[in-house]
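Undergrad: There's a structure below that I have some questions on.
The values are calculated or read from the model by the stated rules, or taken from the named source; none is laboratory data. Because the structure is a prediction, the values reported are computed rather than measured. For neighbour counting, all protein chains shown are included, and Cβ atoms are generated from backbone atoms with ideal geometry for every residue, glycine included. Surface accessibility is based on the protein's heavy atoms, side chains included, excluding ligands, DNA and RNA. Shrake-Rupley method; radii C 1.70, N 1.55, O 1.52, S 1.80 Å.
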Amino acid sequence: MVENIISMNDMKKEEILDILKLARKIEGCSEEEKLKFLHGKIISTLFFEPSTRTRMSFESAAMRLGANILSLPPLEQSSLKKGESFRDTIKMVEAYSDVIVVRHPFDGAARLASETSRKPVINAGDGSNQHPSQTLLDLYTILEEKGTLENLQIAFVGDLKYGRTVHSLVKALTHFKPTIYFVAPQILQMPGYSLEDLRKKGIKYEVLEDFRDCLDKIDVFYMTRIQKERFPDIEDYEKVRGIYVINRENIEGKCKDDMIILHPLPRVDEIDTDLDNTKYALYFKQAKNGIPMRQAMMMTVLKKDKEFFL
Ligand code: CP
């Protein structure tokens, strides 16, 4: 049973498929019907790091289900400024709301919140660790576009060291027999523990430095931003800044006709805007899928899925 959504390590294949199915069902309901699903509930959003999509889509998703939103004030105006601990803050928010959505710069912060709170916690991204709500909307988008999650060939390109969306999605994909290409400069390659996990599970993967070495084989091109804010040494960032840029010239005619490009966004310069209106570009639709997917997540942790859909 899904009590909290903290890491893709915690979710079984059936639980992933159930939540994707629920999102599809919610999407098929009228706006009027949806307003009943979380009527009277309060969703807290605690963002200790910048966000546009995750925060706004959780809030929009909740409002469209009839819930109210309670947001942590800007850090400068909250009692964290006076020295209140993260744990005490969570205890307070637990008393004021029904679900806690938390983003934090430290790996493990969402897990700590879930161990502190008796109310469900959803991880909206913790450091370089996990971003399960992004992963579920990524899977939802892939399933909608490809009709299956099984046996796909997927390239992850860019910052694979610090990119939590990559760590989360790779973990989830282990259930679906993928072939994975990890394309990054050496200093930004996938963490060894993740590659070791794939090896033990018998998942096929290749480590590359040039996406052209796999471009003609892949079904999904998962581009990521180089995460400047996570580099301990800015000189290392300068060495890899702008290393991968895709545009119509280096994609069109060189990939499968039905390849899709995903990106968790925000992008900086790694996807040229000249790709935005091509059939490959799915990243804005992907972000929009955050609404039904996050609605399904909130309904699941509040055990409202069976009430409305049995
Ligand atoms: N994809 C994502 O997490 O975007 P935000 O940082 O804008 O929430």
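Undergrad: Quick one: which helices (runs of 4 or more DSSP H) sit completely within segment 236-310 and have at least 1 residues that are of a type outside the set (Asp, Glu) and either under 26 Å from residue 164 (Cα atoms) or modelled with pLDDT of 95 or more (or both)?
TA: It comes to 248-251, 283-288, 290-301.
Undergrad: Which one of 41, 21 is basic (Lys, Arg), under 24 Å from residue 173 (Cα atoms), out of contact with any Ser or Thr (no Cβ under 7 Å at 6 or more places or on another chain) and in the same structural domain as residue 110 (by the TED database)?
TA: Step by step, each of 41, 21 is checked, and only 21 is basic (Lys, Arg), under 24 Å from residue 173 (Cα atoms), out of contact with any Ser or Thr (no Cβ under 7 Å at 6 or more places or on another chain) and in the same structural domain as residue 110 (by the TED database).
Undergrad: Moving on. For the subset of segment 13-50 comprising residues that are part of a loop (DSSP other than H, G, I, E, B) and in contact (Cβ under 8 Å) with a residue 24 or more places away in the chain, which member is least open to solvent (accessible area, probe 1.4 Å)?
TA: 38
Undergrad: So, in segment 95-119, of the ones that are aliphatic (A, V, I, L, M) and out of contact with any helix residue (DSSP H, G or I) (no Cβ under 8 Å at 6 or more places or on another chain), which residue ends up nearest to residue 298 (Cα to Cα)?
TA: This residue is 110.
Undergrad: Separate question: Any residue in segment 68-87 that is in contact with a helix residue (DSSP H, G or I) (Cβ under 9 Å, 6 or more places away or on another chain) and touching a residue at least 40 places away in the same chain (Cβ under 8 Å)?
TA: No: zero hits.
Undergrad: Restricting to segment 256-277, and then to whatever is more than 16 Å from the ligand (Cβ to nearest atom) and open to solvent by less than 20 Å² (accessible area, probe 1.4 Å), can you tell me which residue is farthest from residue 49 (Cα to Cα)?
TA: Only one residue tops the list, namely 259.
Undergrad: Within segment 273-308, can you find the residues that are β-branched (Val, Ile, Thr) and touching a helix residue (DSSP H, G or I) at 6+ places or on another chain (Cβ under 9 Å)?
TA: Selection gives 278, 291, 300.
Undergrad: In addition: Could you please let me know if residue 291 is open to solvent by 20 Å² or more (accessible area, probe 1.4 Å), within 14 Å of the ligand (Cβ to nearest atom) and of a type in the set (Val, Ile, Thr)?
TA: Criteria met by residue 291.
Undergrad: Go through segment 189-217 and count every residue that is open to solvent by 30 Å² or more (accessible area, probe 1.4 Å), assigned to a helix (DSSP H, G or I) and over 21 Å from residue 227 (Cβ atoms).
TA: Counting residues in segment 189-217 that are open to solvent by 30 Å² or more (accessible area, probe 1.4 Å), assigned to a helix (DSSP H, G or I) and over 21 Å from residue 227 (Cβ atoms) gives 7.
Undergrad: Still on this structure, please answer the following. Here are 112, 72, 139, 80: which of them is within 16 Å of the ligand (Cβ to nearest atom), more than 22 Å from residue 292 (Cα to Cα) and not small (Gly, Ala, Ser)?
TA: None of the other options fit; the residue is 72.
Undergrad: Exactly one condition in (1) under 23 Å from residue 148 (Cβ atoms); (2) open to solvent by less than 30 Å² (accessible area, probe 1.4 Å); (3) within 16 Å of the ligand (Cβ to nearest atom) is not met by residue 300; state its number.
TA: (3)
Undergrad: Just one of 37, 48 is modelled with pLDDT of 95 or more and more than 16 Å from the ligand (Cβ to nearest atom); which is it?
TA: Checking each option against the conditions leaves just 37.
Undergrad: Is it true that residue 229 is more than 16 Å from the ligand (Cβ to nearest atom) and loosely packed, with under 12 Cβ neighbours inside 10 Å?
TA: no
Undergrad: Still on this structure, I have one more. Inspect segment 173-187 for any residue being without any contact (Cβ under 8 Å) to a residue 24 or more places away in the chain and either over 16 Å from the mean Cα position of the chain (by Cα) or open to solvent by less than 10 Å² (accessible area, probe 1.4 Å) (or both) and give the result as yes or no.
TA: So far as segment 173-187 goes, yes, one or more of its residues are without any contact (Cβ under 8 Å) to a residue 24 or more places away in the chain and either over 16 Å from the mean Cα position of the chain (by Cα) or open to solvent by less than 10 Å² (accessible area, probe 1.4 Å) (or both).
Undergrad: Working only within segment 221-248, note down all residues that are without any contact (Cβ under 8 Å) to a residue 12 or more places away in the chain and either more than 14 Å from residue 184 (Cβ to Cβ) or touching a Cys at 6+ places or on another chain (Cβ under 6 Å) (or both).
TA: 229, 232, 233, 234, 235, 238 - these are the residues of segment 221-248 that are without any contact (Cβ under 8 Å) to a residue 12 or more places away in the chain and either more than 14 Å from residue 184 (Cβ to Cβ) or touching a Cys at 6+ places or on another chain (Cβ under 6 Å) (or both).
Undergrad: Take the residues in segment 51-69 that are within 16 Å of the ligand (Cβ to nearest atom), among the aliphatic types (A, V, I, L, M) and open to solvent by less than 40 Å² (accessible area, probe 1.4 Å), then tell me which one is farthest from residue 137 (Cα to Cα).
TA: The residue in question is 62.
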